[in-house]
Each structure stands twice: as structure tokens, then as C-alpha cells.
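Written below as C-alpha cells is the structure these notes are about.
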Amino acid sequence: MLQNIRDRFTGVVAGFAIAAIGIMLTISFVDTGNFTGTTNFAARVNGEDIPLADFRQIAQQQLLQQEEATRASLSDEARMQLERNVLEGMVRNRVVAQYVQQMGYRVGDQQVAEHIRSLPVFQVAGQFSSDGYMAALAGQGMTPTAFEEERRAALQIEELQAGILESSFLTPAEYRRFILLEGEQRQAAFAILGTDAVSAGIKVTEEDVRQFYDANPDKFESEESVAIDFVEATLQNVEPGAAVTEEELRAAYEANPDRFRTEEQRHARHILIAIDQDTDDAAARELAGKVRSRLVAGEDFAALARQYSDDPGSASGGGDLGWAGRGTYVGAFEDALFGLKAGDMSEPVKTEFGYHIIQLLEVRPGAERSFAEVRGELEQELKASAGHDRFFALTEKMDDAALENPGSLDAVASVTGLPIRHLDRFTRAGGEPFGANRAVIDAVFSPAVLEGGENSPIVELDENRVAVLRVTEHRPVKLRPLDEVHAEAEAAVRAERAHQLVTEQGQALLAAARSGSDFAVLVAERNAKLQGPQALSRRTPDLPPELLSGIFRAPNPRGGQPVFGGLSLADGSFAVFRVDAVTPGKPEDIPQEQRDARKNILARQAGVADITALAVDLRNDAKVVVAPGLFEQSENF
């Protein structure tokens, strides 16, 4: 079955996104050999190696993603923590993979093949492409056999996860408790003591500013930046080429006959009686015969498929296999299918998986598009292809000129006829017109460009846009002088002291309220506005989230006595509140349909927690040996 996938070709591979497969290849579940020496493995898990090359590849991917997301380079400490997290994730995946093997989870070749065929990264125009499959794996340095085994292990883990999720549940008492808490309302009043009222009266001396400036130099550092010159070229910059000739169009059509021909497709359904440890060949054949007799007698095919079929991928859908052409199924199955007429049903057909009863539902004949039908499409493609060829030639000229004349962009501008443009400020987080393009940031801040004053190599901004860049001025990080940041430092001192004052006022207010003084009067004395009492839910809008959270974390009032609390808010102000009463949620107020849906969601969340707990337990019980000096080695990958 898997060999059939490798051999099958269903379309021309155009613009195949090889990079997309990176997500699927990030974890290796398969034992790739017993390595010796610290240079060959990153960790050994219950005697099974995690190859060092796998660890380095995944850590590098994670590093690039993290720096792209934060638009900044990671510190040495953050980088080492990322590497440790990557290794820990690989170890957990490995122990779970070992567990599913020990527990007897198995996935057959047919299921693996169907899964791979369904992955969009291997499809062209919605159809699986054998060439695209092979090219994508080759680009990742992986063999089809290794990838297929990796997918098999991943599917086995998915079966384990599905089993845990399907068996998870909440007791009625647990769910009732959740509804009581989720629908809870609290009658509360609150006030926010802002800093504006006290800021104006705060006196800040020059000595205060100086001390704050000296104690917090990181708050007053300038951001590293550069000024750059660059020459940018796009696909639109290339000269138009000659018109496509009729001979070229005809040659392109004749060179790709399969492209404009669709194969015959067949829509079938089947019932599989598997031969396994519980059912031998004779028993499977006998049961298949009985099922077929019931079908001949008029019983519903879909119902019997759901009852008897051992194919987990199609049984729940009544045995439906969808549309497929030749090369999709194993030989005996395919021979039987393509020997049927629409509406016919086969005798039991034996394959490596067991006995199949196959019914052909529909036939979609193959068709061929004529030259006249595709002429316009071919003309556009040939024009686009020629344009890309000329654009590639232009980028080669740019690259050569940049490398041969490293101290200036004049030669690049001369050979392309494009202007030298200037950008006064570009940082390690990027800058327009390049945004946070990682390739540009890496090129600009590389030692040769930043410190050596050289032109960058050609940088691909996107598929149809490139640039050569040169740093004209470097502005390193430095502590800005106090005169320049005096106003910032003074404002920071004032804000810090204002926060201290309102916090002290808030704590004094709470102490007085708890001793019996009138809460509303205390708030008014501090020129604040009392809001409420009002009914609040956990989803009440327009309240600072930390205040809402504090109100719902407060203890329930007892004996008719309110509960008081206070906390600092993100803007430096201080909130005080009083909780007068708590009303639990009412399950009867929620429609039954909504209650059932929420219960299912919570049960699934409980299942996810069970899966996580299993992985943690397996990890804790595992014998894990990390290669000596691993994280020192990885600094240079």
C-alpha cells in the first residue's frame, strides 16, 4: 500500500510548499539506531536514543520561530532554556510512543497511507502528488520509510489519546459544582484610587531623579539601530520578453500529456473482516460470506458496515471510501474494484488486511483536455515562467555586483538600473519597508555587514522581491544622558511615589472599613467614586480584569457581614471593594442543550488533563540519560 503511494503520480508539482512539512517532521518517534559517544545522541530514553541531529534541527526551528515572534534575539539564558524545553518535549513524546507500543496499539499500512494522502502538504490542486511527497521528504533529508514509520507511531499515539478522551467524564456532582461557580453572581461595590489626584502634590528633587536614573539604567538605554542603503528589485522590474510562439505552446502541451488527462475515478464502499489474533483466516472468510449473503438478501450495506467492518477509517461512514483512481489500493482490492460495474458487489476479496466485500457505487470516466482548451492557460504559464527566468537572471547580476564591489551599492544600481534607497532607522525588531523580515534582520546585523561595512548577499524578501543592503551608520545600545531623559526619569519617580501613596491610602481605607466605618464615606473622603453595589458575573465587561478576579477570589460573606479587599492595578492605581452577597449559579436557568454541550467540553478538558498526567507519569518513571555537555554543544549548531 505504501509503495503504491510512492509510485503514484497524480499531477504536476507547481510551487510545492516544502517548508510546510517542517511542522510534521519536528518529532521523531522511531528508534534510529544505538549510537555511542556524546556526538551522536541528545538523550537516551529507556535505552532508546534521540539522535543529536534531530534535537539540533528542532531546537533551531524553535529558536527561529521564537525570535520571529518576539522580533528580538534571545539571550543566552533564554536560548538555553528553549533548548532544555525542546529536549524535554522530545523525551515526553518518546516515552509516550514507547508506552503505546507496549500496550499493543497498532496501525496498519492502509491507515498510514490514507493519512499521508490526506495531508495538504503533499497535495497539488487537492490531489495527492507522489513527486511532491518525495521532493518534500528529500528536502528535509528524510526517507519515505522513516517518515511513514514516524506517522504510524503518531497515529498510534492519537489512538491512545482518542481512547482517553472518549472515556473521560464528569460526575453529576462535579458538573453541578462547575455550573454553580460559573454562573455565580456577586453583589459588590468598589472604588479606584487613582494616582492623578496625588501626583500633582508630589515634590521630586534633582537628587531623586539622579538616584532613580542611576538605579535603573536599563530603563534609559537607547535601542540599537542602523541606517541602511539598499537596492530592491521585484518581478515587475524585469523587461517584458518576446511573445510566446505557437510552436512553444504546442511543445509545452505535448511535453506534459498526463497533465491534461484525468484518470478514471471510482467511488466505492467496503466491509472489511480482518484477520487478526482473535479471528483466523477461516473464521474471517466464513463471516464475510455470511455478511455478503445478508447484503444480497437486501439488508442495508451502510448499517452492516458500521456493525461488522474492521476498517476504522470507513466503518463509521458506512464503509464509504470516496473517489479514487488506480494505484490507490493494494493489488487484489484494486483488481476486484476495477472489475466491477456500477452497482455491482464483489465476492469476499482477500488482501493482507483480511476479507473485503466491495460495492462499486459510481464511475467517473477519465477525460482529456484538448490543446485549444488549454492554450490560454499554457500561454500565461509560459509568460510567467519566462518572467521568473529573467527575474532570476537579474538577481544573479545583483548578487555578483554586490560581492565584487563590497564597499558600495553603486555597481548594483548600475547593472540593474534601479535606484539606491535609504532607510534612516532599522532595528533588530525590523522596520519598514521590510517589516520584521528575519532574513533582512539577520543580513543587516551580520558581522560582515554591520562591522565590516560590506554589502549583504542577495536577500529574498518574498518569492518575487529581493534586495541588497549596506549599513551606512551603526548606533549601538548606550545609556542616554540624564539631560535627554530627565523628563522620563522625573515622571517615573512621580508615578512610583504616587502608587505608594494610593496603596497606603487604600490599605488605611480597608483597615477602617473592616473595623466598622462606613465604606461609602471612607471612599468619598479620598475623593474617589463609589461604584455599586451591583451584581457582577465572571464575564462582566468594562472592569479591570485583576479587580474582577479579586472580587471573585474573595471569601463568601458570613453572618451578614461584608468582605473587604484591595489590590494594585496595572496602571498604578489601587482598587478597594466590598462583597455583600454571593448568589450561586442556577443549573435550571441554562437550557438542557447548552448544559450538555458544556458538559462535553469539560469532559474533554478532563480527558486532556488525564493525557497530560499520563505523559508526566511516564516521564517521571523513565530512565533518561542526557548526553554530557549537550547544551554547550548545541550553542554552535
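Quick check, is Asn620 out of contact with any helix residue (DSSP H, G or I) (no Cβ under 9 Å at 6 or more places or on another chain) and closer than 21 Å to Arg94 by Cα? So Asn620 fits the description; yes.
List the number of the failed condition for Pro481; all other conditions in (1) over 38 Å from the mean Cα position of the chain (by Cα); (2) open to solvent by less than 30 Å² (accessible area, probe 1.4 Å) hold. So the condition that Pro481 fails would be (2).
Restricting the search to strands (runs of 3 or more DSSP E) fully inside region 281-374 and requiring at least 1 residues that are of a type in the set (A, V, I, L, M, F, W, C) and either open to solvent by 40 Å² or more (accessible area, probe 1.4 Å) or in contact with a Lys or Arg (Cβ under 8 Å, 6 or more places away or on another chain) (or both) gives 320-324, 354-364.
Just to check your reading of the model, which residue among Ala53, Ala59 is farther than 19 Å from Ala154 by Cα, open to solvent by 20 Å² or more (accessible area, probe 1.4 Å) and aliphatic (A, V, I, L, M)?
Only one candidate qualifies: Ala53.
Can you confirm whether Glu223 is among the charged types (D, E, K, R), in contact (Cβ under 8 Å) with a residue 40 or more places away in the chain and either farther than 21 Å from His499 by Cβ or surrounded by fewer than 18 Cβ atoms within 10 Å (Cβ to Cβ) (or both)? Answer is yes for this residue.
Scanning region 449-467 for residues that are in a loop (DSSP other than H, G, I, E, B) and of a type in the set (D, E, K, R) yields Glu451, Glu454, Glu463. For region 252-272, the criterion of being part of a loop (DSSP other than H, G, I, E, B), under 16 Å from Tyr355 (Cα atoms), open to solvent by less than 70 Å² (accessible area, probe 1.4 Å) and modelled with pLDDT of 85 or more is met by none of the residues.
Assess whether Gly126 counts as being at pLDDT below 80, in contact with a Pro (Cβ under 9 Å, 6 or more places away or on another chain) and more than 22 Å from Asp310 (Cα to Cα). Don't jump to the end; show me each part of the working.
On the way: at pLDDT below 80: yes; in contact with a Pro (Cβ under 9 Å, 6 or more places away or on another chain): yes; more than 22 Å from Asp310 (Cα to Cα): yes.
When the stated conditions are applied, Gly126 passes them.
Of all residues in region 501-513, those satisfying the criterion of being surrounded by 15 or more Cβ atoms within 10 Å (Cβ to Cβ) and not small (Gly, Ala, Ser) are Leu501, Val502, Thr503, Gln505, Leu509, Leu510.
When you look at Thr195, is it over 30 Å from Ala372 (Cα atoms), surrounded by 13 or more Cβ atoms within 10 Å (Cβ to Cβ), modelled with pLDDT of 85 or more and among the polar types (S, T, N, Q), yes or no? Please lay out each step first, then the result.
Numbers: over 30 Å from Ala372 (Cα atoms): yes; surrounded by 13 or more Cβ atoms within 10 Å (Cβ to Cβ): yes; modelled with pLDDT of 85 or more: yes; among the polar types (S, T, N, Q): yes.
It is true that Thr195 is over 30 Å from Ala372 (Cα atoms), surrounded by 13 or more Cβ atoms within 10 Å (Cβ to Cβ), modelled with pLDDT of 85 or more and among the polar types (S, T, N, Q).
Among the residues of this structure, Gln605 counts as one that is within 29 Å of Ser167 (Cβ to Cβ) and among the polar types (S, T, N, Q).
The values are calculated or read from the model by the stated rules, or taken from the named source; none is laboratory data. Being a predicted model, the structure only gives us computed values, none of them experimental. Heads up, the Cβs are rebuilt from the backbone with ideal geometry, glycines too, and the neighbour counts pull from every protein chain shown. Remember, those area values only see protein heavy atoms, side chains included, never the ligands or the DNA or RNA. Shrake-Rupley method; radii C 1.70, N 1.55, O 1.52, S 1.80 Å.
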